[in-house]
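Peer 1: After the structure tokens below, expect a handful of questions from me.
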Amino acid sequence: MRILAIESSCDEFSISIMDKGKVLSNVISSQIKEHSEFGGVIPELASRLHVENFHWVLLDSLQQSNSQLEDIDYISYTSNPGLIGSLIIGKLVAQTISTYLKKPLLDMNHIEGHIYGANIEQKFQYPVLALVVSGGHTQIQLLKESLSFELIGTTQDDAVGECYDKVARVLGFNYPGGPVIDKLAQNGNDKKYKLPISKNDDSYDFSFSGLKTASLNLINKLNQNNEEIIIEDFCASFQKTAIDTLMIKFEKAIKEFKPNTITVVGGVSANQSIRSIFYKVGEKYNIKKVIIPDLKYCTDNAAMIAELTNEYLVKDKK
Ligand code: KG4
Ligand code: ZN
């Protein structure tokens with residue numbers, strides 16, 4: 001059963017080919033360079049670049065997997081959520097291939113894809129509690145069994161990745177700012193600057209606009225007072241607050257739902273601190289499996305969409 005999966009929801013165009021659950025190729029055309037000077041993703045530019053790049057991504061993916069188009073049995077694509085123009089290009093490519101081959105076309109959800117990206121290298125033991133942290137989403141999802149997605153908590157405003165990117169922009173860094181803050185934070189004092197933990201309440205929901213505003217206000221205040229901002233310390237303090245905000249709620253969810261597997265997925269799961277904290281939390285609560293995807297499966301990629309498609313097909317749910 002050979003699947004060709006397409007992911008195009010934001011500024012990456014990616015095609016993966018999977019055979020019986022094995023990733024044969026996962027080619028990604030990233031537009032980070034083109035968007036970085038604008039401080040964020042420009043939707044119109046993203047879809048135009050998808051049109052320019054899809055053909056070589058398709059050819060490379062077929063070549064790397066030693067496949068011909070005719071070997072493909074199923075075509076799948078990310079249908080939502082994402083930038084509408086970017087999604088349409090992915091759908092168009094998928095639909096064209098499916099029409100040409102007369103093979104089934106399956107639509108997939110991007111967030112479910114991020115979660116199943118963690119099931120590629122290791123296998124879930126249910127129930128699974130997943131922390132989804134990306135540029136557009138911050139969620140806690142519970143899967144009592146395969147493909148049963150239960151939204152436990154979500155952000156009420158900004159996503160954590162968005163918060164990283166906006167703070168980084170004000171500090172003068174290019175998009176995406178998350179990896180830059182992460183790197184600088186490693187050598188900083190996380191107690192130097194005081195920032196608030198928002199929505200520290202009984203719910204499982206998050207709020208990151210408060211942390212964003214407090215960070216921007218503090219930067220402005222320090223600048224106005226001509227006080228030097230120690231960049232590494234600021235990044236470390238910001239990062240500690242952002243991760244504490246996530247983990248307070250996630251640990252509460254572990255205690256209530258008693259998962260056998262915990263996982264952290266989405267672009268922000270590439271963060272060094274969150275990765276090491278996750279392993280520690282796993283030990284603290286005696287969790288059977290702590291699955292943190294390899295970096296290539298953290299940010300947007302089509303292998304996660306292929307894995308999700310495979311799971312739906314194996315479980316006969318599509
Ligand atoms: O999942 P993703 O590739 O795209 C969306 O679906 O949004 O996530 C992109 C986000 C960006 O906000 C980026 O700054 C953040 O992931 N990110 C990081 C790191 N690497 C990527 N945030 C913190 N630390 C990192 N190392
Ligand atoms: Zn994503």
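Peer 1: Rounded if a/c is under 1.5, else prolate if a/b is larger than b/c, else oblate: which is segment 28-134, with a ≥ b ≥ c the root eigenvalues of its Cα gyration tensor?
Peer 2: Judged from the Cα gyration tensor, segment 28-134 comes out oblate (a/c at least 1.5, b/c at or above a/b).
Peer 1: To make sure I understand the rule: partners must be aspartates and glutamates, Cα under 17 Å from the Cα of residue 144, and not fewer than 8 residues away in the same chain. Which ones qualify?
Peer 2: Counting by Cα, and skipping residues close in sequence, residue 144 has these aspartates and glutamates nearby: 112, 256, 311.
Peer 1: Right, next: Roughly speaking, what is the centre-to-centre gap between segment 15-47 and segment 193-258 when only Cα atoms are used, to the nearest Å?
Peer 2: Comparing the Cα centres of segment 15-47 and segment 193-258, I get a distance of 29 Å.
Peer 1: Pairs of alpha-carbon atoms within less than 8 angstrom and 6+ residues apart define the contacts here; what relative contact order does the chain have, in percent?
Peer 2: Value for the chain: 23 percent.
Peer 1: Translational D (Stokes-Einstein, µm²/s) of segment 125-292 at 37 °C and 0.692 mPa s when Rh comes from the Kirkwood sum over C-alpha pairs?
Peer 2: 202 µm²/s
Peer 1: Let me ask something else about it. Run lengths n ≥ 4 of DSSP H only: what is the helix-derived mean residue ellipticity at 222 nm for the chain, with -39500 (n - 2.57) per run over all residues, to the nearest 500?
Peer 2: Mean residue ellipticity, 222 nm, calculated: -14000 deg cm²/dmol.
Peer 1: Using only the alpha-carbon atoms of the chain, report the extent along each of the three principal axes, biggest first, to the nearest angstrom.
Peer 2: On the principal axes, the chain reaches 65, 44, 29 Å in Cα extent.
Peer 1: Any of 221/255; 194/258; 20/249; 194/249; 33/199 with alpha carbons more than 28 Å apart? Name them for me.
Peer 2: Working: 221/255 40 Å; 194/258 33 Å; 20/249 36 Å; 194/249 20 Å; 33/199 35 Å.
Checking Cα-Cα distances, 221/255; 194/258; 20/249; 33/199 exceed 28 Å.
Values quoted throughout were computed directly from the atomic coordinates according to the rules given, and no laboratory measurement underlies them. This structure is a prediction, so every number in the text was calculated from the model and none was measured.
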